[in-house]
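As C-alpha cells, the structure follows; a few thoughts come after it.
Readers should treat all values here as calculations from the given coordinates under stated rules, not as data from a laboratory. As the structure is a prediction and not an experimental result, all values here were calculated from the model. Methodologically, a virtual Cβ is constructed for each residue, glycine included, from the backbone with ideal geometry; neighbour enumeration extends over all protein chains shown.
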Amino acid sequence: MFKRTLISIMLTILLVVPGTSMVADEMNDMPTVFVRQDAALGSYLTDPDGMTLYMFTKDTVAGESTCYDDCAANWPPMTAEEPLTLPMLVHGELSLIDRTDGSKQLAYNDIPLYYWQGDKQAGDTTGHGVGDVWFVVAPGTEFGAGAPDMASPVATDMGTPAAAGDINVTLTEYSITADVSTLKVGQEYTFQLTNDGVSVHEFVVEKAGAKDEPLEADGKELEVEDIKPGATASLTMTFEEAGSYQVSCWVEGHYPAGMVFNLKVVD
Ligand SMILES: [Cu+2]
C-alpha cells in the first residue's frame with residue numbers, strides 16, 4: 001500500500017514538472033500546415049506528415065476550387081479541422097472553403113490546397129510543374145500570383161551525388177539547408193553544422209517523414225543536440241541504404257516551421 005502511494009506521488013511529481021505542461025500545450029497548437037526545405041524548390045507547404053501541398057493555377061477565383069471528378073481523384077483536396085494554425089514566422093491566413101459536394105477544403109491566402117496522388121512519401125514533390133498548372137506553394141504566396149517564381153536553388157549538386165567528404169549545413173530560424181542534397185550509399189560524409197540563428201538548434205538525420213527518430217550507427221543515434229547560437233558542430237556518417245531521408249531540428253516548433261531539408265541517397 002505504502003509503495004503504491006509512493007509511486008502515485010512520484011507520478012504526480014513527474015506530471016507537474018515545469019515544461020511538461022508547456023509541451024502538451026504546444027502539441028495542441030500543432031500547426032495545420034508545415035514548411036519544408038528542398039534543394040531545388042526552396043521552402044514549400046506540406047501537411048503535418050510532410051506530404052507536399054499544391055496549388056492549381058486554373059483556380060482563378062479566390063477561395064474557390066475548380067478541381068472536381070477526375071481532377072480531384074488525382075489531386076485530392078486537403079481537409080483540416082479547426083483551429084487552423086500556421087507555423088511560427090509563416091505569414092498569411094488559412095481558411096476552410098466550401099466545395100460543391102458539401103465538403104470543406106483547406107486554403108492558404110484563399111489558394112485551395114491539394115495533394116498529388118503520385119507523391120508516396122514526405123519529401124516527394126513529383127506534382128510540381130505538372131501540366132504547367134500545378135505547383136508547390138511557398139510560404140507567403142498570395143492568391144493570383146500565378147506560377148511561382150521559385151527561389152534560386154539552395155544546393156549546387158541538383159541530382160548529381162556528392163562525393164564523400166564535407167556537407168555544409170546551416171541552421172537558422174526556421175530553416176535548415178545543406179549545400180548538397182543527393183548523396184551516395186556507402187560513402188562517408190561529414191555534416192559540418194553551423195548555427196547561424198539566435199536559438200539553440202539540433203540536427204537529426206532520419207528517414208523522410210520520420211518524427212524525431214534518428215538513424216543509428218554502432219548503437220548511437222545520428223543526431224547532434226543543443227547546438228548553441230553561433231556554434232559549430234559536426235557529424236560523420238555513412239548511409240547504408242538508398243532512399244529518401246531528411247535532416248531536421250526537433251526543438252519544439254522548429255520542424256513545422258521549416259527546419260527540415262530533403263535528402264536523396266542513391267546507389
Ligand atoms: Cu531548431
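Amide H contacts for V260 (H built 1.01 Å from N in the peptide plane; partners 5 or more residues away or on another chain; cut-off under 5 Å): Q37, I176.
Give me the log10 of I(q) over I(0) for the chain at q = 0.13 Å⁻¹, as the Debye formula computes it from C-alpha points; what are the numbers? Values returned for q = 0.13 Å⁻¹ are -0.88.
Where q = 0.20 Å⁻¹, what log10 of I(q)/I(0) comes from the Debye formula for the range 165-266, counting one point per Cα? Calculated log10 I(q)/I(0) at the listed q: -0.96.
Residues with beta-carbon under 14 Å from that of V154, excluding V154: net charge, scoring Lys, Arg +1 and Asp, Glu -1?
Cβ neighbours under 14 Å give a net charge of -3.
How large is the translational diffusion coefficient of the range 132-194 in µm² per second when you combine the Kirkwood radius over alpha carbon pairs with Stokes-Einstein at 10 °C and 1.306 mPa s? Here the translational diffusion coefficient equals 113 µm²/s. Stretching the chain fully between V251 and S199 yields a gain of 17.8 nm (0.36 nm per residue, less the alpha carbon separation). When restricted to Cα atoms, the range 30-153 yields an Rg and a Dmax of 13.1, 40 Å, respectively.
The distance linking the range 195-250 with the range 80-150 is 28 Å (Cα centroid to Cα centroid, whole angstrom). Listed cross-link partners K220/K264; K58/K207; K184/K220 are compared with a 30 Å cut-off, the Cα-Cα value being larger for K58/K207.
With the helix formula -39500 (n - 2.57) applied to DSSP H stretches of n ≥ 4, the chain reaches a computed 222 nm mean residue ellipticity of -3000 deg cm²/dmol.
Ranking of M51, M259, M158, M78 by neighbouring Cβ atoms within 10 Å, starting from the fewest: M158, M51, M78, M259. In sequence order, the range 127-143 has phi-based couplings of x, 5, x, 4, x, 6, 10, 10, 9, 5, 10, 6, x, x, 4, 9, 4 Hz under the Karplus curve 6.51 cos²θ - 1.76 cosθ + 1.60, θ = phi - 60°, and Gly or Pro positions carry x.
Taking neighbour Cβ counts within 10 Å as the exposure measure, how do L171, L89 sort from fewest upward?
Going from least to most buried by this count: L89, L171.
In the range 179-260, which GluC sites (Glu not before Pro) are in a loop and have at most 13 other Cβ atoms within 10 Å, using DSSP for the loop call?
Loop-located and lightly packed - E240, E241, E252.
Dividing the mean sequence gap of close Cα pairs (under 8 Å, 6+ apart) by how many residues the chain holds gives a relative contact order of 20 percent.
Sparse packing (at most 15 other Cβ atoms within 10 Å of the Cβ) combined with a DSSP loop state is found for the following trypsin sites (Lys or Arg not before Pro) in the range 131-226: K211. Listed from fewest to most Cβ neighbours within 10 Å, the set R99, R36 follows the order R99, R36. Of the chymotrypsin sites (Phe, Trp or Tyr not before Pro) in the range 32-112, the ones in a loop by DSSP (not H, G, I, E or B) with at most 13 other beta carbons within 10 Å are Y68.
Just A145, A72, A257 to compare: in a GNM of the chain, with alpha carbon springs under 10 Å, which one fluctuates most? Residue with maximal mean-square fluctuation among A145, A72, A257: A145. Summing charges over neighbours of Y68, with a neighbour being any other residue whose Cβ is under 9 Å away from its Cβ, gives -2 when K and R count +1 and D and E count -1.
Explain nothing, just the number: relative contact order of the range 22-171, from Cα pairs under 8 Å at least 6 residues apart, as a whole percent.
On the way: 258 pairs, mean separation 44.5, N = 150.
Answer for the range 22-171 is 30 percent.
Spin-label model, N168/T156: points 7 Å from Cα along the beta carbon direction are separated by 0.7 nm.
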